[in-house]
1. Of a type in the set (A, V, I, L, M), in a helix (DSSP H, G or I) and either in contact with an Asp or Glu (Cβ under 6 Å, 6 or more places away or on another chain) or free of Cβ contacts under 8 Å to residues at least 40 places away in the same chain (or both): which single residue out of Leu172, Leu136 fits that description?
2. Return yes when Arg276 is at pLDDT 95 or above and in the same structural domain as Pro206 (by TED's automatic domain parsing) and no when it is not.
3. Out of curiosity, is Arg235 in the same structural domain as Arg123 (by TED's automatic domain parsing), outside any loop (DSSP other than H, G, I, E, B), of a type in the set (D, E, K, R) and closer than 23 Å to Gln38 by Cα?
4. Specify the residue that is farthest from Gln146 (Cα to Cα); the eligible residues are those in region 170-212 that are surrounded by 21 or more Cβ atoms within 10 Å (Cβ to Cβ) and polar (S, T, N, Q).
5. Checking Gln322 against (1) under 14 Å from Arg276 (Cβ atoms); (2) free of Cβ contacts under 8 Å to residues at least 12 places away in the same chain: exactly one of these is not met. Which one?
6. Please work out which residue is nearest to Glu135 (Cα to Cα), limiting yourself to region 175-200 and to residues that are of a type in the set (Val, Ile, Thr) and not in a helix (DSSP H, G or I).
7. Out of everything in region 213-240 that is in contact (Cβ under 8 Å) with a residue 60 or more places away in the chain and more than 28 Å from Tyr52 (Cβ to Cβ), what residue ends up being surrounded by the most Cβ atoms within 10 Å (Cβ to Cβ)?
Amino acid sequence: MAVEIIAEAAQGYEGDPSLARLLAKGAICARANAFKMQLVYGDELATPDYEYYSLFKKLEMPESVWKDLITETHANGLRFYVDIFGEKSLQVAQKLGVDGIKIHSTDFFNDRLVRTALAGSWRLFISLGGITADELTAFIQKHKLQPHERITLLYGFQGDPTPLESNHVLRLRSFTQRFPVFRFGFMDHQDGATEEAMNLSLLSLPLSVQTIEKHITLDRSLQLEDYISALEPERFTRFVQQIRQMERALGSDALELGEGEKQYRRKVTKVVVSIRPLRKGEILTAEAIALKRSSRMDPQHALYSLDQALDRRLDVDTDANQPITVEMVS
């Protein structure tokens with residue numbers, strides 16, 4: 001199953017419906033699977049003395065704007081998700097009919113909000129940014145969280161931007177080993193101006209992630225909110241294409257050989273062949289046989305090591321350089 005790619009606008013719309021629509025169009029053009037924004041009401045997120053309170057108030061938009069964004073997103077085949085930060089934003093999200101909600105790390109310990117969110121039927125994302133494994137264990141036990149395809153635990157944190165060495169992508173393997181029945185995703189907050197921003201998420205692909213979240217912005221030079229770890233639409237498009245291309249290389253974890261591998265094996269594997277013409281009844285010695293590649297090999301009946309043939313009796317005549325098969329010796 002293809003990994004889900006979320007184009008995360010976060011607070012980058014800055015409360016401007018026009019910016020929000022353009023960001024949605026960027027996600028649509030990039031062919032992300034989903035578009036996500038933060039549904040913010042300042043007074044349920046922070047107190048008036050908090051340093052970003054005025055920004056949070058600015059982010060408030062009429063429900064009609066949100067409804068139009070959802071309609072546009074759905075019309076182009078994308079799901080629409082929101083971060084919620086309290087009972088009001090949760091109720092509005094439900095009224096709007098969003099496809100999924102995210103419990104931000106801000107509210108990881110907000111038991112009442114979590115319980116209400118878990119009671120819904122939507123996709124539910126739970127952020128693990130800054131959350132310890134023991135706290136996640138307690139969370140799962142407290143809320144009697146059961147594995148479900150609609151619930152995804154998202155690992156990663158926003159470091160404005162997150163230093164490359166602080167991503168610890170291998171923790172995803174540890175999380176999936178400790179909580180093997182749950183679905184995990186990766187929140188990529190690498191500096192959007194770097195080449196690593198195009199490649200970091202690729203490291204998460206073989207670690208069983210179901211979702212990758214990456215910020216999107218319109219133009220980094222505008223320095224819109226949450227632009228630091230964001231990609232502009234053109235680069236986001238290439239980001240999506242690259243993931244789609246490289247996830248093909250993951251293939252299957254089944255250990256059976258594929259047809260291409262079988263063909264390769266037939267071409268390169270040496271088999272037991274006669275060095276000279278041999279007669280029926282001859283005992284095979286090291287002077288009579290060798291290991292060589294042969295276009296006449298039969299992969300189902302070939303002998304692949306000299307030990308399989310040495311000191312055995314040949315039951316048929318052979319030409320020089322003829323493969324010796326299981327049926328030819330006794």
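The values are calculated or read from the model by the stated rules, or taken from the named source; none is laboratory data. Not measured: the values here are computed from a predicted model. Cβ placement follows ideal geometry from the backbone for every residue including glycine, while neighbour counts extend to all protein chains displayed.
1. After applying the criteria, what remains is Leu172.
2. In short, no.
3. Details: in the same structural domain as Arg123 (by TED's automatic domain parsing): yes; outside any loop (DSSP other than H, G, I, E, B): yes; of a type in the set (D, E, K, R): yes; closer than 23 Å to Gln38 by Cα: yes.
It is true that Arg235 is in the same structural domain as Arg123 (by TED's automatic domain parsing), outside any loop (DSSP other than H, G, I, E, B), of a type in the set (D, E, K, R) and closer than 23 Å to Gln38 by Cα.
4. So, considering only residues that are surrounded by 21 or more Cβ atoms within 10 Å (Cβ to Cβ) and polar (S, T, N, Q), the one farthest from Gln146 (Cα to Cα) is Gln190.
5. Going through (1) under 14 Å from Arg276 (Cβ atoms); (2) free of Cβ contacts under 8 Å to residues at least 12 places away in the same chain one by one, Gln322 breaks only (2).
6. It comes out as Val181.
7. Val240
The rows are residues; the columns are (1) under 21 Å from Thr116 (Cβ atoms); (2) in contact (Cβ under 8 Å) with a residue 24 or more places away in the chain.
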site	(1), (2)
Leu59	no, yes
Val65	no, yes
Ala75	no, no
Lys88	yes, yes
Gln94	yes, yes
